[in-house]
Amino acid sequence: MYQNNLSYVQLQAIEKQGASAFYFLDMEKLKSNYQQLHQAFSNEYENCQIAYSFKTNYAPMICDLLKSLGCWAEVVSAMEYDIATQVVGYDPQQIIVNGPLHEAEFIERLLLEGALINADAWYILDEIAKICGKYPKQQFQIGVRLSYNIKEGVFSRFGINSTQQNLQRLSDWQTIVGNCEIIGFHSHFSNSSRSLNCFDSRVSGLLIASECYFEKKAPQFINIGGGFFGDMPTSLANQYGKNLPNFIDYAKQICNNIKKRFVTKKLPKLLLEPGTALVANAMVFVCKVYEVKQIEGKTIALVNGSNHNVNHKWQGESLPIEILRQNPDQASNSDSACFDIVANTCIEKDVLCTDVSGSIRAGDYIVFQYMGGYSNVLKQPFIHPCQAIYAIQNEQLVVVKRQETATDILASYTCKEIATEASSPNEKTNN
Ligand SMILES: Cc1ncc(COP(=O)(O)O)c(C=O)c1O
């Protein structure tokens with residue numbers, strides 16, 4: 001089960017490195033998440049491959065570790081592709097590229113370098129057709145992202161709607177573009193669709209489209225995206241319901257569904273793109289209480305963190321927190337019955353948690369658990385730059401990302417004149 005092993009003394013020791021607010025990454029947890037997910041799926045399905053969703057948290061130390069374990073990369077932009085190839089050192093053939101919007105030059109680069117792009121829209125297929133015309137002697141392969149109705153009413157704006165008409169249009173595209181083969185379908189539905197029930201219909205949607213499109217052949221892959229529940233603190237799990245599926249439940253359900261449909265055909269490669277399930281429980285955000293005050297009968301704990309650190313992609317859940325007290329003996333129910341945790345920004349609404357029960361004092365640390373996904377990558381440098389990330393590696397404290405400075409934040413601001421063909425407003429008037 002999930003455990004937060006940090007003690008007050010350990011947090012104090014990390015604070016001595018510079019600041020009392022920081023992220024802490026548990027590399028062992030990350031490794032075991034990957035190994036458990038991989039084991040669960042490979043027990044059921046030999047030809048499967050996990051590709052880590054970089055957008056969830058592209059800290060290079062995370063990506064390096066996952067790569068070393070055999071995990072591929074799933075990226076959604078040229079920036080993430082550059083991180084995957086140039087920083088983490090991925091071979092493009094181990095990179096899946098999704099995303100709704102890409103420039104023509106990037107698409108050309110992906111095709112030429114051999115990354116697997118899943119076309120998300122017709123304009124991407126048009127670009128691919130043009131690029132194929134430019135390189136008639138080369139043979140390319142792509143996937144297509146589909147969108148369709150799934151159980152529990154989840155809707156996705158991404159991909160091409162998987163209707164008969166659109167599958168026919170894809171076949172027509174394929175006939176015209178002879179040197180690029182559509183080899184598989186992809187879908188991903190986010191947050192609210194992590195149940196087994198949803199996954200059943202997610203997979204069925206891909207299988208039905210594959211049967212219709214590939215007919216007697218089998219696709220080379222089926223890509224079911226991400227969106228799995230992983231191990232999480234009980235207080236959070238309870239908010240999602242009873243008996244949440246674990247990796248083994250997902251693997252059995254998904255793989256049996258696929259195997260049933262391919263009894264007489266070669267099984268396609270099964271691709272998975274988890275983000276949250278691999279990293280969320282492997283990182284916490286730690287901040288310190290600077291003051292506890294009363295305003296109009298409300299108890300307010302001011303911390304050196306903000307919603308920008310912790311509150312992305314949540315859908316109204318109470319965040320799982322743990323309080324590590326400076327003086328555990330002094331904590332008593334008489335201090336306060338419940339309190340709000342408020343941020344270090346000047347935004348009135350920047351309240352991290354409301355109505356937390358128990359007592360709180362200045363000097364206590366608040367540890368926000370389950371903060372590995374969509375936290376530091378979405379943190380704006382609003383008022384305060386992003387905090388450092390630390391981890392323990394080989395029993396040694398390491399800085400995964402140093403605390404940002406004003407210089408980091410201003411590095412891309414300039415005041416350089418640029419020569420353009422467009423005339424200035426004054427010249428326009430004179431003409
Ligand atoms: C295409 C795609 N794959 C995978 C993921 C990862 O999802 P999760 O973090 O829920 O596993 C996302 C997240 O938005 C996504 O858009």
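Run down 300, 222, 254, 258 and say which single residue is buried (at least 21 other Cβ atoms within 10 Å of the Cβ) and assigned to a strand (DSSP E or B).
222
Write out, first by first residue and then by second, each pair whose Cβ atoms fall under 9 Å of each other, whose residues are 6+ apart or on separate chains, and whose first residue, in the stretch 272-301, is farther than 29 Å from residue 116 by Cα and without any contact (Cβ under 8 Å) to a residue 40 or more places away in the chain while the second is in a strand (DSSP E or B) and of a type in the set (S, T, N, Q).
Listed pairs, sorted by first residue: 293/299.
Would you point out which residue out of 5, 43 is away from the ligand (no atom under 16 Å from the Cβ), outside any helix (DSSP H, G or I) and out of contact with any Lys or Arg (no Cβ under 7 Å at 6 or more places or on another chain)?
5
Scan (1) more than 20 Å from residue 97 (Cα to Cα); (2) hydrophobic (A, V, I, L, M, F, W, C); (3) free of Cβ contacts under 8 Å to residues at least 60 places away in the same chain for the single condition residue 132 breaks and write down its number.
Of the numbered conditions (1) more than 20 Å from residue 97 (Cα to Cα); (2) hydrophobic (A, V, I, L, M, F, W, C); (3) free of Cβ contacts under 8 Å to residues at least 60 places away in the same chain, the odd one out for residue 132 is (1).
Please go through the stretch 77-102 and give me each residue that is β-branched (Val, Ile, Thr) and touching a helix residue (DSSP H, G or I) at 6+ places or on another chain (Cβ under 6 Å), ordered by number.
Correct list: 87, 88, 95, 97.
Pick from the stretch 307-326 the residues that are under 18 Å from residue 344 (Cβ atoms) and within 20 Å of the chain's Cα centre (by Cα): which of them is surrounded by the fewest Cβ atoms within 10 Å (Cβ to Cβ)?
312
Looking for whichever is surrounded by fewer than 15 Cβ atoms within 10 Å (Cβ to Cβ) and under 29 Å from the mean Cα position of the chain (by Cα) here; the options are 348, 417. Which one fits?
348
Hey, residue 364 hits all of (1) surrounded by fewer than 20 Cβ atoms within 10 Å (Cβ to Cβ); (2) more than 19 Å from residue 25 (Cβ to Cβ) but one; which does it fall short on?
Tallying (1) surrounded by fewer than 20 Cβ atoms within 10 Å (Cβ to Cβ); (2) more than 19 Å from residue 25 (Cβ to Cβ), residue 364 fails exactly one: (1).
Counting only residues that are within 19 Å of residue 235 (Cβ to Cβ) and in contact with an Asp or Glu (Cβ under 8 Å, 6 or more places away or on another chain), how many does the stretch 308-330 have?
Qualifying residue count for the region: 3.
If you take the residues in the stretch 199-226 that are at pLDDT 95 or above and of a type in the set (Gly, Ala, Ser), which one is farthest from residue 156 (Cα to Cα)?
Selected residue: 210.
Within the stretch 69-77, can one find any residue that is more than 25 Å from residue 116 (Cα to Cα), free of Cβ contacts under 8 Å to residues at least 40 places away in the same chain and over 18 Å from the mean Cα position of the chain (by Cα)?
no
Given 66, 37, which one is assigned to a helix (DSSP H, G or I), in contact with a Pro (Cβ under 7 Å, 6 or more places away or on another chain) and touching a residue at least 12 places away in the same chain (Cβ under 8 Å)?
37
State which residue is farthest from residue 226 (Cα to Cα) when the search covers only the stretch 8-34 and only residues that are part of a helix (DSSP H, G or I) and touching a helix residue (DSSP H, G or I) at 6+ places or on another chain (Cβ under 7 Å).
27
For residues that are at positive phi and in contact (Cβ under 8 Å) with a residue 12 or more places away in the chain, scanning just the stretch 148-183, find the one that is surrounded by the fewest Cβ atoms within 10 Å (Cβ to Cβ).
Applying the filter and picking the extreme gives 152.
When you look at residue 285, is it assigned to a strand (DSSP E or B), under 23 Å from residue 53 (Cβ atoms) and away from the ligand (no atom under 16 Å from the Cβ), yes or no?
Considered against the rule, which asks whether it is assigned to a strand (DSSP E or B), under 23 Å from residue 53 (Cβ atoms) and away from the ligand (no atom under 16 Å from the Cβ), residue 285 comes out as yes.
Specify the residue that is nearest to the ligand (Cβ to nearest atom); the eligible residues are those in the stretch 251-282 that are among the β-branched types (Val, Ile, Thr) and at pLDDT 95 or above.
Out of the qualifying residues, it is 276.
Can you tell me which residue within the stretch 84-102, out of those that are within 16 Å of the ligand (Cβ to nearest atom) and assigned to a helix (DSSP H, G or I), is nearest to residue 400 (Cα to Cα)?
For the stretch 84-102, the residue satisfying everything is 84.
Any residue at all in the stretch 49-61 that is farther than 24 Å from residue 236 by Cβ and more than 16 Å from the ligand (Cβ to nearest atom)?
Yes - at least one qualifying residue is present in the stretch 49-61.
What are the residue pairs meeting all of these: first residue in the stretch 97-118, first residue on the phi < 0 side of the Ramachandran plot, second residue charged (D, E, K, R) and more than 15 Å from the ligand (Cβ to nearest atom), Cβ atoms under 6 Å, and 6 or more apart or on different chains?
Note: pairs meeting the criteria are 104/127; 107/127.
Hey, residue 74 hits all of (1) touching a helix residue (DSSP H, G or I) at 6+ places or on another chain (Cβ under 8 Å); (2) in a helix (DSSP H, G or I); (3) within 16 Å of the ligand (Cβ to nearest atom) but one; which does it fall short on?
(2)
The values are calculated or read from the model by the stated rules, or taken from the named source; none is laboratory data. Everything numeric here is computed off the predicted structure, so don't read it as measured data. Here the Cβ is made from the backbone with ideal geometry for all residues, glycine too, and neighbour counts use every protein chain on show.
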